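Contents: one structure, followed by commentary.
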Amino acid sequence: MSTVTDENPSATPLTVPAQPRRRRVPGWARGILWAVGVIAILSTASYLTGVNTLTSTNTAQTAFRLALPILLAALGGLWAERAGVINIGLEGMMILGTWGAAWGAYYGGVWAGLGAAILLGALGGLLHAIATVTFNVNHIVSGVAINLLGLGVARYLATLIFEPLSGNPRQSPPVPTFDTYSASFLSDWLSDLEAQQRVGISDAAGLINGLVSKVSPLAMIAILLVPLSYYILWRTRFGLRLRSCGENPVAAESLGVNVYAYKYIGVICSGGLAGMGGAALVLLAGGGGYLENQTNGRGYIGLAAMIFGNWRPGGLLGGAALFGYADGLRLAGGGTAVLALLYGAVLLLAVIVVVQLIRRRWVAAAFGVVGAGVLYWIYWANDDLPSDLIPYTAHFVTLIVLAVASQRLRPPKADGARYRRGEGD
Amino acid sequence: MTSWRTKVLPPLLAIIFSLLICSIALLISGSDPLQAFATMVEQLFRGTTAIDTVNLGCVYYLSGLAVAIGFQMNLFNIGVEGQYRFAAVIAAIAGGAMHLPPVIHTFVIILVAALAGAAYAALPAILKVTRGVSEVISTIMLNSIVGGIVAFLINPSQFGVLTGNNLRTEEIDKSGQVPGIPIGGATLFGFVFIAAVIGLAYWFMLNRTRFGFELKASGESATAAAAGGVSAKKMTLVAMLLSGGVAGLIAMPELLGRDFSYAITSTQNYGFTGIAVALLGRNHPGGIALGALLWAFLDKSAVSLEQVDVPKEIAVIMQGAIVLSVVVAYEVVKRADLAAAQRRVGRAVTGKPASVAEGGAV
């Protein structure tokens, strides 16, 4: 401690921990490191198990498509929770979004559908904001009510408007979907590379190929929204004020920030993003219309992806990718592919155990060894997983990830707290 | 100080408000709200609807109680949905496999159900206590996963039986069933009385035992309770297990009184309804009973709306609106009460009406 203060007497020595300051790896570099690491593990697993679907173009493409709604919902969660409002109602706002997307697209084309979805989702957000910010209702209670209401309104409107058109109250007539674009020269070259089946390179080529071919404008917008959210929330005055409402609204109020207004903006943006997530289910290939229970809990998974990402845009991108991949893999490859993923998890755990041993954390390393042993036993003892349980791969992954990682997470400090103007102490 | 206004006024306001919202929705879609509501009330006195409503209300009551136990401890047990379905399928399999004398058989099935529900609730409880995982997210994940578990267990290669087109578990013997009371053309579940007893036990536990006091205390303020020697972690664990245990019973009225086996098509979403019912009843056993009956009435009578060409989904909108407006109404009335109390204190202290700055009326 003393050596540090001698060098820099102006630093506040009371609150800074005594550790020598290590150079931090910048966020984008860490993201690239993670991506390289994950590709390395997947290609090793794919090589050792002989299951090519683990890194095929098809898997990556499906994963990307399935990750989009989760990504948008997670971004929605980010905007609300950074402003200090827990948003369990993402699911209901997403359902509203699916109805709006189908309605708008049927009458006015895909862009009108996207607009209607955002609008309806934002309306759900507005309702949540009125209940939680103005009336101080418990955030989770209000969210649950909005989920109920969103479901009811979407069903009612579907019976009223879609049934005469499609003859079925549970689904809309087919609607147009977004055109897709491929970076064709890049995609061709990557396809060649993948076909050569060289260890590592072909795997990376397959995964990247899935991300650059058949991309819709909506997907590009969604991906761009991640750096955009980061820029707005972390690099502008507006963002600083919005986040201050989530960390310490009383302090923000004392500096003249209109906390109510910022919370309203955060939650309405959150609803709009969730509605957009609903549109991503309807207006992309594989969708093509409103369907009852289409969201199937994706709003909740988006929330989990955001928590997994430690309430940060880069992290939630990783979370959404993880869930999208778990979902896409079982669609593309079925039980054998999920088993191969277990093998990949064993490899990942092995790496983690080595790291923990170097850091001399014996207990964590022991847990890692036990976990890897159990997973490897499951992999070794089965040829296929029960088909009834495979659709829930993403949910199991969420539980395990939360159990392992939740203690290192740091939510916004006043997330979910009551706030009324002028009642701070 | 809570007056009768705090207790009775909010639900009434909420129901009136949601009636208004639904009237607007109905008017926009071009139907007559009064006619629609009248049809729903008339339906109650037609055929077996009244008994069906009470039967369904019994299910919702248990679900509301399960959620309310969590609420007392500030725990948000969204997982009631998963816990009850897990318990139902386990109890149905166990009950179908066993052959015991009458009363004992029933008792064992109920016990198995409660234990299975508690076991499924133990997972999020342990994750919360040891790893700090929010129970909201983990129970939502477990709710989804239970669909896979039910499908897996009812599979013919495991414990299921294929009858016609429907996969179900083995039928429970006559000895395990709970006899009902035939009224008119319908049968009132015998489980209604068991549910009432559970409600009484809940009231007794909360208001007349040390455990209930500690539960409420650590729900109100974990730090204050810890200062009084109550471990918040232990209370979290116990409350979650109790909640799961009661959740395990939710499917029992139908399983032991009507269906006698659990099928892949058995009704879902009772657990989510429980959240709404508990909110409506303010975690009070009597309030939950009223909320459960109201909810069941909306569900059962909505069917009649088809006769007057109104989509029956309007009932779902009404339910959502009731929940949202009831919580808002509680908040508004609480604030009004608080302001009134401040005025009263102001008057008592100074002997003259309080000024606006002291919280007096404007």
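The values are calculated or read from the model by the stated rules, or taken from the named source; none is laboratory data. If you're wondering where the values come from, they're calculated on a predicted model, not measured in any experiment. Here the Cβ positions follow ideal geometry from the backbone for every residue, glycine too, while neighbour counts run over all protein chains shown.
A:Gly210 falls short of the stated requirement of being touching a residue at least 24 places away in the same chain (Cβ under 8 Å) and within 14 Å of chain B (Cβ to nearest Cβ). Selection of region A:270-301 for residues being over 23 Å from A:Lys214 (Cβ atoms), within 14 Å of chain B (Cβ to nearest Cβ) and assigned to a helix (DSSP H, G or I) yields A:Gly299, A:Tyr300, A:Ile301.
Just one of (1) away from chain A (no Cβ under 14 Å); (2) modelled with pLDDT under 90 fails for B:Ile154. It is (1). Return the residues of region A:170-198 that are under 18 Å from A:Val282 (Cβ atoms) and touching a residue at least 40 places away in the same chain (Cβ under 8 Å); say none if nothing qualifies. A:Arg170, A:Gln171, A:Ser172, A:Pro173, A:Pro174, A:Val175, A:Pro176, A:Thr177, A:Phe178, A:Thr180, listed by residue number. Counting only helices (runs of 4 or more DSSP H) that sit completely within region A:101-203, those holding 3 or more residues that are touching a helix residue (DSSP H, G or I) at 6+ places or on another chain (Cβ under 7 Å), buried (at least 18 other Cβ atoms within 10 Å of the Cβ) and facing chain B (nearest Cβ under 9 Å) correspond to A:139-157.
Just to verify a result, which residue in region B:185-232, among those that are of a type in the set (A, V, I, L, M) and outside any helix (DSSP H, G or I), is nearest to B:Tyr61 (Cα to Cα)?
B:Leu188
For A:Tyr300, the stated conditions hold: it is aromatic (Phe, Trp, Tyr) and closer than 30 Å to A:Pro173 by Cβ.
Residues that are in a helix (DSSP H, G or I), under 24 Å from A:Gly319 (Cβ atoms) and out of contact with any Leu (no Cβ under 7 Å at 6 or more places or on another chain) within region A:350-390 comprise A:Ala350, A:Val351, A:Ile352, A:Val353, A:Val355, A:Gln356, A:Ala364, A:Phe367, A:Val374, A:Ile390, listed in sequence order.
Name the single residue, out of those in region B:89-140 being buried (at least 19 other Cβ atoms within 10 Å of the Cβ) and assigned to a loop (DSSP other than H, G, I, E, B), that is nearest to the other protein chains (Cβ to nearest Cβ). Among them, the one singled out is B:Val133.
One line per residue, one yes/no per condition, for (1) under 27 Å from A:Leu71 (Cβ atoms); (2) within 11 Å of chain B (Cβ to nearest Cβ); (3) crowded, with 20+ Cβ neighbours inside 10 Å:
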| site | (1), (2), (3) |
| --- | --- |
| A:Arg330 | yes, no, yes |
| A:Val370 | no, no, no |
| A:Trp380 | no, no, no |
| A:Ser387 | no, yes, no |
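Within region A:391-405, not a single residue is under 18 Å from A:Met306 (Cβ atoms) and in a loop (DSSP other than H, G, I, E, B).
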